[in-house]
Structure formats: structure tokens, C-alpha cells
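Each value in this text was obtained by applying a stated rule to the coordinates, not by laboratory testing. Computed from a prediction, not measured in an experiment: that's the story for all the values here. Reconstructed Cβ throughout: ideal geometry from the backbone, glycine too, with neighbour counts over all protein chains shown.
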Amino acid sequence: MGLELYLDLLCQPCRAVYIFAKKIGVPFELRTVEVLKGQHNSDDFAQVNPLRKVPALKDGDFTLAESVAILLYLSRKYEAPDHWYPQDLEACARVDEYLAWQHTALRSSCSLVMWQKMMLPVFLGERVPPETLASTLAELDRCLQLLEDKFLKDDNFLTGPCISVADLVAITELMHPVSAGCHVFKTRPKLAAWRQRVEAAVGEDLFQEAHEVVMKAKDLPPVDTAMKDKLKPLVQVLL
Amino acid sequence: MGLELYLDLLSQPCRAVYIFAKKNGIPFELRTVELLKGQHVSKGFLPANSPQKVPVLKDGDFVLHQSVAILIYLSCKYQTADHWYPPDLQARARVHEYLGWHADFIRGTFGVCLWTKVLAPLIGVQVPEEKVKRNRAAVDRALQLLEDQFLGDKAFLTSQRVTLADLMALEELMQVVALGQDVFESRPRLAAWRGRVEAVLGADLCQETHSPILNILEQVANKQLPPPPPEAHQSMLLRISRIP
């Protein structure tokens, strides 16, 4: 059995892994794990990732969780072109810096916007107080400002003149609120231009393919009561 | 000007950077930043609304934020012993795997206690008991996962040798300990792991690094902490409001 990637393309980090693996030509079997159907809680999947989260990788006997770990593993094992995760000390540090920052900043903001603006009301029938959503949107705005001012600045990509894994992680995060109808790029021309460059570098077809699931999320039917109960703890966290 | 590290030893990630640099004999100028006094790194380094003020590394013109990025940079530039950030593909992946999980489940969660017990009261804010309880539960859950999923029967979190992952974890756990919850007391496996990490680092270095945070509650009791300046209040209130 070759390399397997356990992914749910509804999730941002899974999209980043998918796009990267496809882009650099990693031969892999896609194992779709649908989180909304609770598939990540199966015993089979726990064999791959005992923490029951996606993305997860299985390479022979070696299993690995966490998107950044997976991206860097793939980059090195499949000898991705240097710009994705540069050898140069300072260039690499810039990517590491972004990957660390986004984890505690942009990631949660983007998830919260998507859930509070769309998934909770549409999918779970949960009312989200307008003040809560407003505060979440304000936080997203702050993160986006930092993204522009501290990372993008006047460069073509987040960590310099060339695309890196940082850009993939960022773009897939930003598509989350976009899928919920929050048009983060419309009011930010600098970010919009960066997005075009990333899409061009990745390839339009691959980009669309990776985002097909999340862009259709607004059309998901409301979930049944049994699943709603199972997802209750998640709802608490998201409000 | 050589390498400068802007650190506040009350901050967990700052301690991880400090301890690593010292342990590996990396020559640096320590620039102490006292966040409690509302100090921050010179404005030139940070855009106006940057929330995270420390740690910061400055190496000539090169400025770097984020403790993980700094640790990796230092380990590569100063060619520290392999075990800290192993060159082996899978071993290195394990370190990144831990650090990814740590960012979600440890970072932030383990820092709340300083806010609830010291920083919020300093500006006259009481964090609701419900939030304090929720945080304790989150800390307990994280500790269980740390023991079961990462440490297991191994000597260290990602292998049989100490790595950057262990430093980041240790400093977060020390934060909770310093603020009055002895996480090691009922967890012998974690206590043994802590002993092993500290044995690698050396008692003196641990003492030096941990004493500011270990003394914080005493300083609170003796009213030795000055109230933060008014200009620091807004960002402090924002941080407090984010406690789940």
C-alpha cells in the first residue's frame, strides 16, 4: 500500500495538504473522511490517527497527523522545489514564522466565521447572536490586516517573491469565510491580487477542485437530530 | 550588534527560547521586556496592531517572531546537537506533529491562569468562575492527551531523546504549576518526564529560567506588582475577553 492521505476537503488544513500533494505530484490514495458524518470517530480511523482528526497521513507503517507536519514531510520526502519550504536559513524561518502565527490567529478566526455565519444556522439550525458574529468578524478583520501588513507587505507572496507552503495554508484558510459568503477579498485589493497569484501558481483547475466541497457547504441539508446531538459539544465551542 | 533576544521570562514561549539558547551556549544579548509594565519591543519591529510582542529575535537586520520559528532558526544557525531538531525525516515530522497539536490544545489554554490569577485582577477585572472552571477542564484534558498520545512509554514526547517539543511543553506546564495547580502531583509519568527534561537542561538553568514565574504569586500576595499603565489596558481587556 502506498501513501494514503485521510482528508475532508471541507476542512482548511486538508485542502492545503491536498493542493500541495497534487501540485508536487505525490502519488497518493485519497481516503475521504467526512467529519460532518462523524467518520473521524470510527475505530478504523483511530488506527491512523488516535487523536481522530484530519488531515492524517499513512506511509507504510508510519502515520502522521497535523497539517504543517504533513506538508513539511511531503515537501522533503518528495523533494518539492525549494521555494515551497526553502533551505535558506532566513527564508525558511519566514515560512516557519507564518505557519506558527496562523495556527493561533487566522485559523480560529476563519473557522469561527464560517461556522457562525453559515454552518451553525444552516446546518445545525442554531441561532447565532448578532453581537457574537460581529465580534468574530472584527477579529477576522484584525487578522487580515496583520496578514497584509506583517506578512504580505509589498511582496508577491507571504514570505517573499515565491510561493511557499505558507501561501497554501493561508489561501485555504481564507476560502473558509468566502464559502460562507464573507467576501474577504472584495474589500482588500492587495489580498485579492495575492489570491490571483496563488491561484495562478497552483493552477485554476486544482484550486477549484480542492474547493468544490467547501463552496457547496451552504447547500448542505440540515442535519438530523441524532447527529445534532453528537455535534452539540462542538457547537458550544463555536459560540 | 550580535544576536538579540527580546524576552519576558513570565511568558512560556520566551522561556523555551531562553532555555534553549542558554543550554546550547548561543551567544546573545538578552533584552528584557516586562509586559506587566506595559513595555513592548521597540515600535520599529512590530506593526501597530501586532498582538504578540515576545519573543522576538533580532539578528543584524533580520527580525523574527514566533517561538517555534526562533527555536528552529537557532538550532539550524548554531548547529545544535541533532536531537533537538532531528534531521531524520520521520523524527522531525514527529516534532512538527507535536508542535501542531500543542498550538491548538496547549498554547493559549495553559496561559489563561496567569490572566485569571494575576493580570486581570491587576486591572480590576474578575474572570467569571465558569470560565476558570472550563479552563481547568481543558487543561486536564490536554494533560491526559499529552501523557497518553504523545509521551506514552517513551522518555520524551516525540522520541527517546529530548527535542524542541519537550521545551515548549515544559514551559507551558510550568506556567500552570507556578500559578498554583501542581499538574505533576497526580501524574507520575509526566513528573518523571519533567525530571528527565530538567536533568538534560541542568538544575541551575531551570532555576534561573523558572524563578520569575515561580515567584509571581508571592509578588501578588505582597502587592509587589505595579498596576499596568493605562495604555496597556485595551489589549489586556481584549485578551481577557477571548478566554473561552
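Which condition does residue A:190 not pass, out of (1) outside any loop (DSSP other than H, G, I, E, B); (2) farther than 25 Å from residue A:75 by Cα; (3) out of contact with any Asp or Glu (no Cβ under 9 Å at 6 or more places or on another chain), if it passes all the others?
That leaves (3) as the condition not met.
Since residue A:76 meets every condition but one in (1) more than 9 Å from chain B (Cβ to nearest Cβ); (2) part of a helix (DSSP H, G or I); (3) over 30 Å from residue A:218 (Cβ atoms), which condition does it not meet?
Among (1) more than 9 Å from chain B (Cβ to nearest Cβ); (2) part of a helix (DSSP H, G or I); (3) over 30 Å from residue A:218 (Cβ atoms), residue A:76 violates only (1).
How many residues are touching a residue at least 24 places away in the same chain (Cβ under 8 Å) and within 25 Å of residue B:160 (Cβ to Cβ) if we restrict to region B:178-197? I'd like the intermediate steps shown before the answer.
Narrowing region B:178-197 to residues touching a residue at least 24 places away in the same chain (Cβ under 8 Å): B:178-181, B:183, B:187, B:189-190, B:193-194, B:196-197.
Among the residues that remain, those that are also within 25 Å of residue B:160 (Cβ to Cβ) are: B:183, B:187, B:189-190, B:193-194, B:196-197.
Qualifying residue count for the region: 8.
Quick check on this structure: which one of B:170, B:164, B:143, B:157 is touching a residue at least 60 places away in the same chain (Cβ under 8 Å) and closer than 15 Å to residue B:101 by Cβ?
Numbers: B:170 fails: closer than 15 Å to residue B:101 by Cβ; B:143 fails: touching a residue at least 60 places away in the same chain (Cβ under 8 Å); B:157 fails: touching a residue at least 60 places away in the same chain (Cβ under 8 Å).
Exactly one of B:170, B:164, B:143, B:157 is touching a residue at least 60 places away in the same chain (Cβ under 8 Å) and closer than 15 Å to residue B:101 by Cβ, namely B:164.
Go through region B:87-144 and count every residue that is among the hydroxyl-bearing types (Ser, Thr, Tyr) and either in a helix (DSSP H, G or I) or facing chain A (nearest Cβ under 8 Å) (or both). Lay out the reasoning, then the answer.
Within region B:87-144, the first condition is being among the hydroxyl-bearing types (Ser, Thr, Tyr), and the residues that meet it are B:98, B:109, B:116.
With either in a helix (DSSP H, G or I) or facing chain A (nearest Cβ under 8 Å) (or both) added as a condition, the list becomes B:98, B:116.
Residues in region B:87-144 being among the hydroxyl-bearing types (Ser, Thr, Tyr) and either in a helix (DSSP H, G or I) or facing chain A (nearest Cβ under 8 Å) (or both): 2 in total.
Buried (at least 19 other Cβ atoms within 10 Å of the Cβ), among the small types (Gly, Ala, Ser) and either assigned to a loop (DSSP other than H, G, I, E, B) or out of contact with any Lys or Arg (no Cβ under 6 Å at 6 or more places or on another chain) (or both) - does that describe any residue in region A:39-62?
Looking for residues that are buried (at least 19 other Cβ atoms within 10 Å of the Cβ), among the small types (Gly, Ala, Ser) and either assigned to a loop (DSSP other than H, G, I, E, B) or out of contact with any Lys or Arg (no Cβ under 6 Å at 6 or more places or on another chain) (or both), one finds at least one in region A:39-62, hence yes.
So, residue B:197, is that one touching a helix residue (DSSP H, G or I) at 6+ places or on another chain (Cβ under 6 Å), buried (at least 18 other Cβ atoms within 10 Å of the Cβ) and over 22 Å from residue B:95 (Cα atoms) or not?
So residue B:197 fails the test.
Taking the stated definitions as given, is residue A:100 crowded, with 20+ Cβ neighbours inside 10 Å, at the interface with another protein chain (Cβ under 9 Å from one of its Cβ atoms), closer than 22 Å to residue B:104 by Cβ and touching a Gly at 6+ places or on another chain (Cβ under 7 Å)?
no
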